[in-house]
Amino acid sequence: QVQLVESGGGLVQAGGSLRLSCAASGITFSLYAIGWYRQAPGKQRELVAAISSGDSTNYADSVKGRFTISRDNAKKTVYLQMNSLKPEDTAVYYCNAGRREWNYWGQGTQVTVSS
């Protein structure tokens, strides 16, 4: 059974930082690309950051220079370090693991940034 479990969300003031974690089980983690997505109320889910199995990364323009994605294959965990948070970063953040036709989602973690 595949599980992706996000943690680390919470309430933070603008300018603050949070680190999200996504712990995986039931997959050969190192072979999967991992993405962090977010969905704000009334908006579509959007890709925030992704890291490939070869450690290549890409970011949404809105978070470049503020967010950093990294992975620890030994711990089967991906991290999203979020600095200089803004109220517009408020959303539910989801972890996604993808490889070929396989695609898995976590349950999400709420991030709320107050102004």
Could you list, in sequence order, all residues of the range 23-37 that are more than 17 Å from the chain's Cα centre (by Cα) and among the β-branched types (Val, Ile, Thr)?
Ile27, Thr28
When you go through Val63, Val48 one by one, which is the residue that is open to solvent by less than 40 Å² (accessible area, probe 1.4 Å) and outside any strand (DSSP E or B)?
Val63
All but one of (1) outside any loop (DSSP other than H, G, I, E, B); (2) within 14 Å of Tyr94 (Cβ to Cβ) hold for Lys43; state the number of the condition that does not hold.
(1)
Can you find even one residue in the range 76-95 that is of a type in the set (A, V, I, L, M, F, W, C), open to solvent by 60 Å² or more (accessible area, probe 1.4 Å), out of contact with any His (no Cβ under 9 Å at 6 or more places or on another chain) and not in a helix (DSSP H, G or I)?
no
Answer yes or no as to whether Thr57 is hydroxyl-bearing (Ser, Thr, Tyr) and within 14 Å of the chain's Cα centre (by Cα).
yes
Filtering the range 66-75 down to residues that are under 13 Å from Ile34 (Cβ atoms) and either of a type in the set (Gly, Ala, Ser) or open to solvent by less than 70 Å² (accessible area, probe 1.4 Å) (or both) yields Ile69, Ser70, Arg71, Asp72, Asn73
Here the qualifying pairs (Cβ atoms under 9 Å; residues six or more apart or on different chains; first in the range 81-95 and over 16 Å from Gln44 (Cβ atoms); second charged (D, E, K, R) and open to solvent by 40 Å² or more (accessible area, probe 1.4 Å)) come out as Gln81/Arg19; Met82/Arg19
All positions within the range 1-22 that are crowded, with 17+ Cβ neighbours inside 10 Å and either more than 11 Å from the chain's Cα centre (by Cα) or assigned to a strand (DSSP E or B) (or both)
Leu4, Glu6, Val12, Leu18, Leu20, Ser21, Cys22
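The values are calculated or read from the model by the stated rules, or taken from the named source; none is laboratory data. These numbers were taken from a predicted model, which means no experiment stands behind them. Don't worry about glycine lacking a Cβ; one is built from the backbone with ideal geometry, like all the others, and counts go over all protein chains shown. What goes into the accessible areas is simple: the full protein's heavy atoms, side chains included, and nothing from ligands, DNA or RNA. Shrake-Rupley method; radii C 1.70, N 1.55, O 1.52, S 1.80 Å.
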